[in-house]
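The values are calculated or read from the model by the stated rules, or taken from the named source; none is laboratory data. A quick note: this is a predicted structure, and the numbers were derived from the prediction, not measured. Cβ placement follows ideal geometry from the backbone for every residue including glycine, while neighbour counts extend to all protein chains displayed.
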Amino acid sequence: MLTEQTVDRLHHLRLAAMAEAYLAQQRDPAAASLSFDERLGILVDAEHLARENRTLRRRLKEAKLKIAHACLEDLDYSGRKLDRALIRQLATGRWVAEHHNVLITGPTGVGKSYLACALGQQACRQHHRVIYRRLPRLFPELTLAHGDGTYPTVLARFARVDVLILDDWGVVGLKDAQRQDLLEILDDRDGNRSTIITSQLPVDRWHEHLGDPTLADAILDRVVHRAHRLALTGPSRRKASGNGSSSTKEEG
């Protein structure tokens, strides 16, 4: 009866994982050999881990990463000059704390989106908020926000998030309003938050792509400085993944 009352009270206190761990101890004869402090520590660890996992699931749901399974541990370094030392440095998350950016360039299919999403997942695991957007879909979202009056709210959300991933930079040409929207987003984040950008275009062609020289100067000034650059090379990994392999490693 005492066990049942304890479990009920733990659930009432929203300590479900601790309740399950407590029941597991009651069923395990070996638990009797543990000290009170050891048994309590196991219960607290179980609850802490469960809450950490719930928080991570919420962060990943908010992030909406294009490649949900992407992680740094599964990166394939073969054939594309991927700097292991820089990846290890980025894995620490210090770049987020210092509000640096990451610029990932390379040809189609070389794994830019995977790497961006892997860095995003790592940031989520390190208690940071992340949002992923493909630029071709971001601009219609902003146009709609202009129309329904939610534009300031959308800008504020992008300004607050710790890591903003902008995928497929340079895929489509930009209109004047889109250049201005991009400047507004990046200006709010400059020196305050971190941004990851992926592009098929090398960085030295971004100014040309942006078109308007004045806005291009302003946008790149907020992106390129304090940025870590990763220029990927090699054949398309999408073609490589079409061989029927069931590997869980990176496929592009």
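Screening the candidates ILE67, ILE42 for the property of being β-branched (Val, Ile, Thr), surrounded by 12 or more Cβ atoms within 10 Å (Cβ to Cβ), at pLDDT 90 or above and assigned to a helix (DSSP H, G or I) yields one hit, ILE42. Of the candidates ALA177, ALA145, ALA159, the single residue that is more than 27 Å from TYR114 (Cβ to Cβ), out of contact with any Pro (no Cβ under 9 Å at 6 or more places or on another chain) and free of Cβ contacts under 8 Å to residues at least 40 places away in the same chain is ALA177. Put simply, of LEU138, LEU166, LEU155, LEU142 the only residue that is out of contact with any strand residue (DSSP E or B) (no Cβ under 9 Å at 6 or more places or on another chain), crowded, with 18+ Cβ neighbours inside 10 Å and either within 23 Å of TRP95 (Cα to Cα) or of a type in the set (A, V, I, L, M) (or both) is LEU142. Annotation note: of LEU186, LEU144, LEU138, the sole residue that is touching a helix residue (DSSP H, G or I) at 6+ places or on another chain (Cβ under 7 Å) and more than 23 Å from ASP74 (Cβ to Cβ) is LEU186. Restricting the search to region 70-89, which residues are within 13 Å of LEU230 (Cα to Cα) and surrounded by 13 or more Cβ atoms within 10 Å (Cβ to Cβ)? The answer is ARG80, LEU82, ASP83, LEU86, ILE87, GLN89. All of (1) more than 12 Å from ILE165 (Cβ to Cβ); (2) out of contact with any Pro (no Cβ under 6 Å at 6 or more places or on another chain) hold for SER113 with one exception: (1).
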